[in-house]
Amino acid sequence: MRAAGRLGAALLVAGSLGGSAEAADFKIGSYGRMGSTWAEGGAAGAPLDIGTHHTRTDLDPYAELDFVFTEAMDSGARFRAVLTPAIAGQPFHATGDWDADLAVRNLYAEVHRFVDAPVSAWVGSRMWRGDDVYLLNFWPLDNLNTAGAGFGVHPKGWSIDAHAGASRPRAGGLLDQSLGFPLPDAVGTESVRVLDRQRGVAAARVARQLGLPGDLTLRLSGYAEWHGIPEGTRFADERTAEALPGDRGSIVGVQASAWGWGPDSFAHLWLRRGTGIAIPGTLFLPTDGLGPDRRLADAREHLIAIAGNTEGPGNWGVLWGGYARLYRDADTNQNADWDDVGEGALVLRPAWHLTRHTSATVELSHQWRTSTGVSPRSGLPGTPRVTRVVVGPTIQPRKSGLSRPQLRAFYAYGFRNDDARWLYAAADARFLSNHDHRVGVQAEWWMDSATYRPAGSP
């Protein structure tokens, strides 16, 4: 009920913006997905995927509503305010629980060309991100969730953007803590925040876009990101204090993208190197895998990722995505550590467009994992593997693998090797069999969304 009340308040704010639509422009957009799955052995709610990034077959329901107010000035400046409430989790009709998980994903204002130059600025809380590996639902390079501000310069053929902000993810009391202290002049206690550390984040990206012969376009991008947390003190009680070290991390990477050889056709390649607390992203701070100094600064990650789509001249198309990742945490157990992994996934989704609005799709995926250590459950080294085939009809507005809204029915068969079964507890349905059978229905849409940009959109 509290979540419903917060959503109602957000809609009232949007309605007040809409009242100015005669003087400006007001739009409502949305991104969302919803589905139902049935599986043998009671595993319908348990993902089959074994890597850090999961295929879309097992994603939970999620929806965003974008309320965007835009005002263009006679001077050429354009102001925009964006509010994006989002709802996650299973719906009421699936659980019977009159509740929802509500978050505000965007709450910011921005301005373009406020001087006689192609510049922009924004202030607020937002998702600041670039291109994604659609089939694996992740952003390999620029994907920030922070409250702060940004600035951009966009001369012809160039895009230069910078951002600085902060976040305070919940991390077992490592970043914030409050204690109760007796009131000086009354009976009772008052809550005092004795620890208040924020993760500071700064990022910059530079992109150069080049026109090639025909309709081809090439874009080359460089990206850098820095994270830092200051030192602090945590208290077990009024007299027992624990010093907490500061921590840091960074991400550097490059991206090459090309598009234009067909409708909705594109290709991306990313290379990334991450260190320390920047590796898991802005919304998570690990409490294990730390070094002797209780920091993650010595952790290292190397990642390569690909994504793309091709719509052929006939009635066919194919989406693809994949990544390979090598990760070493910050502890001293470098030669036999189950948390030090090499992993990856490759996904292909060819589609045959039977009519203007219907297609037959086949999704093929393979996932793998290796480690320098032994499985905590089997006590043996292991190389988990999962192979999956998903087939079914789809309905969409036009002949394209990226056309949305899309309605889809599917049958999915997955095979996991014995090492993959040891990732789960003995009573888990995924441990009891090497085979996984599921059937389901799914819907996904992006309609005038201000926050979700379909993969490869220039």
(Q) I'd like to verify a number: residues in the stretch 59-83 that are of a type outside the set (G, A, S), free of Cβ contacts under 8 Å to residues at least 40 places away in the same chain and surrounded by fewer than 18 Cβ atoms within 10 Å (Cβ to Cβ), how many? (A) 7
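Per-residue answers, yes or no, for (1) under 30 Å from L303 (Cβ atoms); (2) of a type in the set (A, V, I, L, M, F, W, C):
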{"position": "P47", "(1), (2)": "yes, no"}
{"position": "R56", "(1), (2)": "yes, no"}
{"position": "D60", "(1), (2)": "yes, no"}
{"position": "A63", "(1), (2)": "yes, yes"}
{"position": "M73", "(1), (2)": "no, yes"}
{"position": "P85", "(1), (2)": "no, no"}
{"position": "T95", "(1), (2)": "no, no"}
{"position": "L102", "(1), (2)": "no, yes"}
Q. Has the stretch 89-102 got at least one residue that is within 29 Å of W270 (Cβ to Cβ) and surrounded by fewer than 17 Cβ atoms within 10 Å (Cβ to Cβ)?
A. no
Q: Could you check how many residues of the stretch 281-314 are modelled with pLDDT under 95 and either farther than 19 Å from R325 by Cβ or in contact with a Lys or Arg (Cβ under 6 Å, 6 or more places away or on another chain) (or both)?
A: 13
Q. Residues V362, V390: which one is β-branched (V, I, T), touching a helix residue (DSSP H, G or I) at 6+ places or on another chain (Cβ under 6 Å) and either modelled with pLDDT of 95 or more or in a strand (DSSP E or B) (or both)?
A. V390
Q: Could you identify the single residue in V201, V187, V206 that is among the hydrophobic types (A, V, I, L, M, F, W, C) and out of contact with any strand residue (DSSP E or B) (no Cβ under 7 Å at 6 or more places or on another chain)?
A: V187
Q. Does the stretch 248-265 include one or more residues that are at pLDDT 95 or above, in contact with a Leu (Cβ under 7 Å, 6 or more places away or on another chain), part of a strand (DSSP E or B) and among the charged types (D, E, K, R)?
A. no
Q) What single numbered condition from (1) hydroxyl-bearing (S, T, Y); (2) under 26 Å from the mean Cα position of the chain (by Cα); (3) part of a loop (DSSP other than H, G, I, E, B) fails to hold for T370? A) (3)
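Out of curiosity, is A117 out of contact with any helix residue (DSSP H, G or I) (no Cβ under 7 Å at 6 or more places or on another chain) and either charged (D, E, K, R) or closer than 19 Å to R199 by Cβ (or both)?
It is false that A117 is out of contact with any helix residue (DSSP H, G or I) (no Cβ under 7 Å at 6 or more places or on another chain) and either charged (D, E, K, R) or closer than 19 Å to R199 by Cβ (or both).
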**Q.** Residues of the stretch 271-298 that turn out to be surrounded by 19 or more Cβ atoms within 10 Å (Cβ to Cβ), among the hydrophobic types (A, V, I, L, M, F, W, C) and under 18 Å from the mean Cα position of the chain (by Cα), as a count
**A.** 4
Q | Restricting the stretch 218-256 to residues that are surrounded by 14 or more Cβ atoms within 10 Å (Cβ to Cβ) and of a type in the set (D, E), the residue that is farthest from R272 (Cα to Cα) | A | D247
Q.
I'm told L216 meets every condition in (1) closer than 29 Å to V104 by Cβ; (2) within 31 Å of the chain's Cα centre (by Cα) except one. Can you identify the failing condition by its number?
A. (1)
**Q.** Residue that is modelled with the lowest pLDDT, among those in the stretch 200-212 that are among the small types (G, A, S) and surrounded by fewer than 21 Cβ atoms within 10 Å (Cβ to Cβ)
**A.** G211
Q: May I ask you to list pairs of residues, at least six apart or on different chains, whose Cβ atoms are under 6 Å apart, with the first in the stretch 386-411 being touching a residue at least 24 places away in the same chain (Cβ under 8 Å) and over 21 Å from L346 (Cβ atoms) and the second being charged (D, E, K, R) and surrounded by 21 or more Cβ atoms within 10 Å (Cβ to Cβ)?
A: S400/E311
Q | Every residue from the stretch 332-363 that is out of contact with any Leu (no Cβ under 8 Å at 6 or more places or on another chain), of a type in the set (G, A, S) and closer than 20 Å to P381 by Cβ | A | A336, G344
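Residues checked against (1) surrounded by 18 or more Cβ atoms within 10 Å (Cβ to Cβ); (2) among the hydroxyl-bearing types (S, T, Y):
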site	(1), (2)
W316	no, no
G321	yes, no
D329	yes, no
T332	no, yes
W338	no, no
G344	yes, no
V347	yes, no
R356	no, no
Q) Does A351 satisfy the criteria of being outside any loop (DSSP other than H, G, I, E, B), modelled with pLDDT of 95 or more and in contact with a Phe, Trp or Tyr (Cβ under 6 Å, 6 or more places away or on another chain)? A) no
Q: Output the residue which, of all residues in the stretch 159-199 that are acidic (D, E) and more than 20 Å from N145 (Cβ to Cβ), is surrounded by the most Cβ atoms within 10 Å (Cβ to Cβ).
A: E190
Q. Do we find that L432 is in contact (Cβ under 8 Å) with a residue 40 or more places away in the chain, surrounded by 19 or more Cβ atoms within 10 Å (Cβ to Cβ) and hydrophobic (A, V, I, L, M, F, W, C) in this structure?
A. no
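Just checking, how many residues over the stretch 393-428 are within 20 Å of L354 (Cα to Cα) and assigned to a loop (DSSP other than H, G, I, E, B)?
10
The values are calculated or read from the model by the stated rules, or taken from the named source; none is laboratory data. Small disclaimer: the values here were computed from a predicted structure and weren't measured. Quick reminder, even Gly has a Cβ in these numbers, built from the backbone with ideal geometry, and neighbours come from all protein chains shown.
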